[in-house]
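The values are calculated or read from the model by the stated rules, or taken from the named source; none is laboratory data. All values reported here derive from a predicted model rather than from experimental measurement. For neighbour counting, all protein chains shown are included, and Cβ atoms are generated from backbone atoms with ideal geometry for every residue, glycine included.
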Amino acid sequence: MLQQARTFITDMYNELNFSEEACTERLANIEREIAETGTYRHTTEELTYGARVAWRQSNRCIGRLFWEKLTVMDARDIQDEADFIDAIHNHIEYATNGGRIKPTITIFAQSDIPGPKIFNNQLIRYAGYADKGDPAEREVTQLAEYLGWCGKGTDFDILPLIYQLPNQPVKYHTYPESLIMEVPIQHKNYPKVATLGLKWYAVPIISSMDLKIGGITYPTVPFNGWYMVNEIAVRNFTDSYRYNLLETFAEAMGFDNLRNTSFNKDRVMVEINDAVYQSFRQAGVSMVDHLTASKQFEQFEHNETQQGRAVTGKWSWLAPPLSPTLTSNYHHGYRNEVREPNFFYKEKTTSGCPFH
């Protein structure tokens, strides 16, 4: 821990142009604190810097250009249940911002201190039943039902927050309907799309990852950016193990020939992306298309090069799932070296980019 703390503090003080004397003094205080207690506590400034750099170094994220704009909510001292629920509500409301989404992270207690635990993969997610909803959320849905929650059985039931406070049983909390912004999906050229009754929530708030900063692990750190259109249109809506709606969209759009050689599957996929993007923009909700996101990542790479920092990444996640060859990052590789500070998957969880 001390070695990791030294690396983190030295990097931070150098990057922020703090004096060598201030760095030496801070390291001495940390060394003394670790010797006395076995751990140490980050200052608010260290916590903010660490969370932002964790985003900057997230290999699966194409949206890293905006890493310095991350708002950090310090909730490390929250132990009370009411305060915890308020912090979650505050995060959702602040991040949603009426549709003008703000990248936000709320950081609860570090791992050596008892703190709140969240069992959801994302703070907002749709339930998954045997024949309805999101198959990716069946396990969490079963846990919610075991705890006494009862959904309406539709394709788009908002799951409750499932959580546990220190020395308390696992509980669930149903969000107020007014807290969650959702976007109905429609298409200006295909009016039947609106009749499908499809929708998606505005803000993807990941809640199933650990944040590691300077030898300290924060296990409860819900965080968000905004959606890239392909995540909803290509993955959530059309993956065969998710909503699997390619044929449903095709029928609504009048494509009756989905043989591979007709290329209509490709045409439908593009129109689904158009529908999702149109719908979010019409609702005033922040969203980025994959080509713009790739141009933004190019700018991020340029900025990092100017600062003398090498960009790491996981190529398979940086190349978008729609028309990847139209993006620059498809055509060259990245070192998938994981640096800290960073976000790490918990056991038995799978996800894509942490901020999208």
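Filtering D77, D86 for residues that are within 27 Å of T37 (Cβ to Cβ) and either of a type in the set (F, W, Y) or surrounded by fewer than 14 Cβ atoms within 10 Å (Cβ to Cβ) (or both) leaves a single hit, D77.
Keeping to region 108-124, report how many residues are closer than 30 Å to F237 by Cβ and either surrounded by fewer than 22 Cβ atoms within 10 Å (Cβ to Cβ) or in contact with a Lys or Arg (Cβ under 9 Å, 6 or more places away or on another chain) (or both). Steps first, answer last, please.
First, the residues of region 108-124 that are closer than 30 Å to F237 by Cβ: 118-124.
Retained after the next criterion (residues that are either surrounded by fewer than 22 Cβ atoms within 10 Å (Cβ to Cβ) or in contact with a Lys or Arg (Cβ under 9 Å, 6 or more places away or on another chain) (or both)): 118-119, 121-122.
The total comes to 4.
Quick check on region 42-74: of everything there that is among the small types (G, A, S) and part of a helix (DSSP H, G or I), which residue is surrounded by the fewest Cβ atoms within 10 Å (Cβ to Cβ)?
Step one: list which residues in region 42-74 are among the small types (G, A, S), which gives 50-51, 54, 58, 63.
Okay, now just the ones that are also part of a helix (DSSP H, G or I), so 50-51, 54.
Working: G50: 24, A51: 27, A54: 27.
Going through the qualifying residues, I end up with G50.
Test V285 against the criterion of being surrounded by 20 or more Cβ atoms within 10 Å (Cβ to Cβ) and assigned to a loop (DSSP other than H, G, I, E, B), and give yes or no. Judged against the criteria, V285 is a match.
From the list G151, G128, exactly one residue is within 17 Å of F237 (Cα to Cα) and in contact with an Asp or Glu (Cβ under 7 Å, 6 or more places away or on another chain). Which is it?
Details: G151 fails: within 17 Å of F237 (Cα to Cα).
Result of the check over G151, G128: G128.
For the subset of region 159-211 comprising residues that are in a helix (DSSP H, G or I), over 23 Å from the mean Cα position of the chain (by Cα) and aliphatic (A, V, I, L, M), which member is surrounded by the fewest Cβ atoms within 10 Å (Cβ to Cβ)? Spell out the reasoning first.
Keep residues of region 159-211 that are in a helix (DSSP H, G or I), which gives 177-179, 191-196.
Subset that is over 23 Å from the mean Cα position of the chain (by Cα): 191-196.
Then drop every residue that is not aliphatic (A, V, I, L, M), which leaves 193-194, 196.
Values: V193: 23, A194: 16, L196: 18.
Result: A194.
Go through region 305-321 and report how many residues are in contact (Cβ under 8 Å) with a residue 24 or more places away in the chain and in contact with a helix residue (DSSP H, G or I) (Cβ under 8 Å, 6 or more places away or on another chain).
Taking region 305-321 as the starting set, the residues that turn out to be in contact (Cβ under 8 Å) with a residue 24 or more places away in the chain are 310, 312-314, 317-318, 320-321.
Next, from what is left, pick out any that are in contact with a helix residue (DSSP H, G or I) (Cβ under 8 Å, 6 or more places away or on another chain): 310, 313, 318, 320-321.
Adding up the residues that qualify gives 5.
Sort out which residues of region 88-145 are β-branched (V, I, T), part of a helix (DSSP H, G or I) and in contact (Cβ under 8 Å) with a residue 40 or more places away in the chain, and write them in order of number.
Selection gives I88, I92, T96.
Any idea how many residues of region 288-317 are at pLDDT 95 or above and in a helix (DSSP H, G or I)? Residues in region 288-317 being at pLDDT 95 or above and in a helix (DSSP H, G or I): 17 in total.
Name the single residue, out of those in region 264-282 being under 20 Å from G98 (Cβ atoms) and not hydrophobic (A, V, I, L, M, F, W, C), that is surrounded by the fewest Cβ atoms within 10 Å (Cβ to Cβ). Walk me through it before giving the result.
At the first step, the residues of region 264-282 found to be under 20 Å from G98 (Cβ atoms) are 276-282.
Imposing the further condition that a residue be not hydrophobic (A, V, I, L, M, F, W, C) reduces the set to 277-279, 281-282.
Details: Y277: 20, Q278: 18, S279: 25, R281: 15, Q282: 12.
Among residues in region 264-282 that are under 20 Å from G98 (Cβ atoms) and not hydrophobic (A, V, I, L, M, F, W, C), the one surrounded by the fewest Cβ atoms within 10 Å (Cβ to Cβ) is Q282.
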